[in-house]
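K.L.:
Got a structure for you, written out below as structure tokens; questions coming shortly.
The numbers here are math on the coordinates, done by the rules we state, and not lab data. Since we're looking at a predicted model, the values are computed, not measured. Note that each Cβ is placed from the backbone with ideal geometry, even for glycine, and that neighbours are counted across all protein chains shown.
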Amino acid sequence: MNEISYAQSSLVEEDRPSTTTERVIAEVWAEVLNLDEVGRHDNFFDLGGHSVLATQAVARLCVALDRQLPERALFDWPTVATLASALPGYPVAEQVAPIRRR
């Protein structure tokens, strides 16, 4: 994942992701949507997202944030800020032991 530098961002201060969680979400969305940057109040679908891209974003967010997110998470929480605030309500991803071959 390419980290976005918000020091030279074109976003105004109040639109920049303000927490680590918001920054991770914004970076994943920017990567999936092929954008330079995403603001905390930007709507995934207004930025060009659709159901297939939402599925990709959720899969990447599950790994990046170590959470079990349902596929419809972006439909319920379509902005960076609302999704970040909803994350505590989702369970932490379970660690699955690798399958050993004999």
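K.L.:
Could you work out [θ]222 nm for the chain from helices alone, using -39500 (n - 2.57) per DSSP H run of at least four and dividing by all its residues? Round to the nearest 500 deg cm²/dmol. Intermediate results must be reported in sequence, preceding the final value.
P.N.:
Numbers: 4 runs with 40 residues, N = 102.
When only DSSP H runs of four or more count, the value is -11500 deg cm²/dmol.
K.L.:
Using modelled backbone amide H atoms (1.01 Å from N, in-plane), which distant-in-sequence or interchain residues come within less than 5 Å of ARG67's amide H?
P.N.:
The answer is ALA93.
K.L.:
Turning to a different aspect of this structure: Mean-square fluctuation check for the chain, GNM, Cα pairs under 10 Å: which of VAL52, VAL38, VAL28 is largest?
P.N.:
For the chain, modelled as a Gaussian network with Cα springs under 10 Å, the answer is VAL52.
K.L.:
Ok, one more. What's the local net charge at TRP29, with K and R +1, D and E -1, over the other residues with C-beta under 12 Å away?
P.N.:
Cβ neighbours under 12 Å give a net charge of -4.
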